[in-house]
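No value in this document is a laboratory result; all are computed from the given coordinates. Predicted, not measured: the structure shown is a model, and the values here were computed from it. Neighbour counts are summed over all protein chains in view; Cβ atoms, including those assigned to glycine, are modelled from backbone coordinates with ideal geometry.
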Amino acid sequence: MKVDTNIILASSKFNGFFNSSAVTFSASVASQNIAAGGYVGPIQASAAMNNANGIGQVQIQYSGVDSFWRLLPGIVVYDVPNANVPTYQIETYSYFSNGTLHVDSIISNQTGGTITIPAIIINCRAFIFNAPF
Amino acid sequence: MIDPTKLRILLPTYEIDQIIGIKTGTVSLGAPSASPGYTTATDVQAHNFGDSCYFAGIFTYDGGTTWNDFGCQIPNYAAPNPQLQTVDVAAHTDNTNLNVTVTNWYDLSHGTGTARTVTYKVYLLAKNKMAQPITPLASNQKLAYSSAFNFQKIFMKDTVSINVAAGATGSSATITHNLGYIPAIRAFFVDGSNNVYSLNQLQSGVNSIQAHLTTTTLVFTSDQSAFGAPGVSGNIDYRIYLDS
């Protein structure tokens with residue numbers, strides 16, 4: 001039987017995602033110099049989280065760089081500019097392993113000389129939405 | 001005669017996501033070698049909705065002990081160097097099929113290639129606007145809405161375009177939600193052929209799009225400065241939830 005999903009707000013025929021758990025955590029990296037071609041990391045943040053049969057979502061913020069919250073899972077790559085010229089790149093990725101959510105970051109120098117990165121706190125918010133698998 | 005004082009009907013104020021099907025599958029890939037550096041396969045399963053749809057998926061390659069969302073890769077940090085690309089699962093839907101692509105990367109940092117058997121599970125979700133009424137896929141799971149659970153409630157949903165040329169940076173129009181807190185969101189990229197991609201799986205590809213959230217706004221940006229043609233051009237379907 002065909003149904004028009006555009007006019008149904010919710011019904012006993014359709015399930016959605018419901019909140020299962022949530023956690024916040026962070027990792028810090030001190031201000032430091034990075035030589036040309038060099039990198040810092042992995043900067044590791046983690047929290048115990050059971051994602052069995054759940055769909056995860058992670059949001060991250062690079063406090064000390066800007067105030068935006070960015071969306072994971074997957075990979076976030078941000079080339080931090082200075083006057084529209086890339087200086088350093090932050091790459092952040094998330095994954096589950098052994099009942100733990102990991103959010104790891106690598107900061108790499110994108111210039112031909114030594115740069116100084118600011119102190120950065122990588123703030124993380126994670127959610128598990130239960131799924132009827 | 002009907003006594004309206006004795007009627008108790010609960011009507012939801014906000015919409016919820018609508019799961020219209022569940023797909024599972026297994027893909028086996030041989031061990032990759034240093035060249036070309038990966039083995040890959042795409043598993044195609046028909047949904048026959050006559051329109052593409054949103055999706056959310058998880059996968060395992062250790063027999064179900066560890067599950068990860070599409071787009072996540074478990075790194076290998078063993079000495080001497082980290083290997084970030086390991087096993088990558090991405091998907092897209094078109095008007096007929098769910099297409100799940102599994103890539104098994106050669107571990108260049110450690111000089112090894114491993115055969116993998118990847119099992120995945122995918123929810124198919126109705127889009128903000130489906131082109132036509134659809135027949136949900138039959139399932140043995142209990143796909144029943146219940147007020148006993150705290151379902152994600154859709155506060156805002158719409159489509160915004162994004163067009164960023166190769167070699168440039170750009171963004172979509174800014175979406176104002178004014179919730180006063182950072183909400184949960186979902187977003188999907190819809191290309192010119194009505195194919196739907198999960199936003200974050202595009203991070204490692206040419207069509208790199210990021211979501212930037214504040215307590216009042218949402219905007220999608222793309223940095224194509226390091227990439228050649230074609231740039232990114234399409235629409236982003238988004239949902240902003242009341243839930244934070």
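Things worth noting here:
- Exposure proxy ranking, count of Cβ atoms within 10 Å, fewest first, for B:H92, B:H110: B:H110, B:H92
- Since only B:V44, B:T159, B:G228 are under comparison, the one whose Cα sits farthest along the positive direction of the charge dipole of chain B, derived from C-beta charges on Lys, Arg, Asp and Glu, is B:T159.
- FRET efficiency for B:Y38 and B:L242, using Cβ-Cβ distance with R0 set to 45 Å, rounded to 0.05: 0.65
- Remark: the protein assembly as shown carries a charge dipole of roughly 880 debye about the Cα centre, counting +1 on each Lys and Arg Cβ and -1 on each Asp and Glu Cβ.
- Sum of side-chain charges, B:I154 neighbourhood, beta-carbon under 14 Å (Lys, Arg +1; Asp, Glu -1): +1
- Legend: P(r) of region A:55-121 from all alpha carbon pair distances, 10 Å bins from 0, whole percents, reading 19, 49, 25, 7, 0.
- Applying 1/(1 + (r/R0)^6) with r as the Cβ-Cβ distance of B:N76 and A:S108 and R0 = 22 angstrom yields a FRET efficiency of 0.75.
- Taking Lys and Arg as +1 and Asp and Glu as -1, the other residues whose beta-carbon sits under 15 Å from that of A:I117 total -3.
- Over all directions, the projected convex hull of the C-alpha atoms in region B:36-104 averages 5.7 nm² in area.
- Phi-derived couplings, Karplus 6.51 cos²θ - 1.76 cosθ + 1.60 at θ = phi - 60°, listed residue by residue for region B:183-188: x, 7, 9, 10, 8, 9 Hz, with x used for Gly and Pro.
- Label zone at B:T24 (point 7 Å along Cα-to-Cβ), backbone N below 17 Å, region B:90-123: B:117-123
- In this Cβ point-charge picture (+1 for Lys and Arg, -1 for Asp and Glu), chain B has a dipole of about 560 debye about its Cα centre.
- The protein assembly as shown: C-alpha pair distances exceeding 31 Å, %: 36 percent
- Cα Rg, Dmax, chain A, angstrom units: 19.0, 65
- Table column - 3J(HN,Hα) (Hz), region A:28-45, Karplus curve with 6.51, -1.76, 1.60, x for Gly and Pro: 10, 9, 6, 4, 6, 8, 10, 6, 4, x, x, 8, 10, x, x, 8, 10, 10
- Convex hull per residue volume in Å³, alpha carbons only, for chain B: 181 Å³
- Using a Förster distance of 35 Å, the FRET efficiency for B:Y14-A:Q44 (Cβ separation, nearest 0.05): 0.40
- Extreme residue, positive dipole direction of the protein assembly as shown, given options A:G54, A:A27, B:I175 (C-beta unit charges): A:G54
- Charge sum, other residues only, whose C-beta stays under 10 Å from B:L199's C-beta, Lys/Arg counted +1 and Asp/Glu -1: 0
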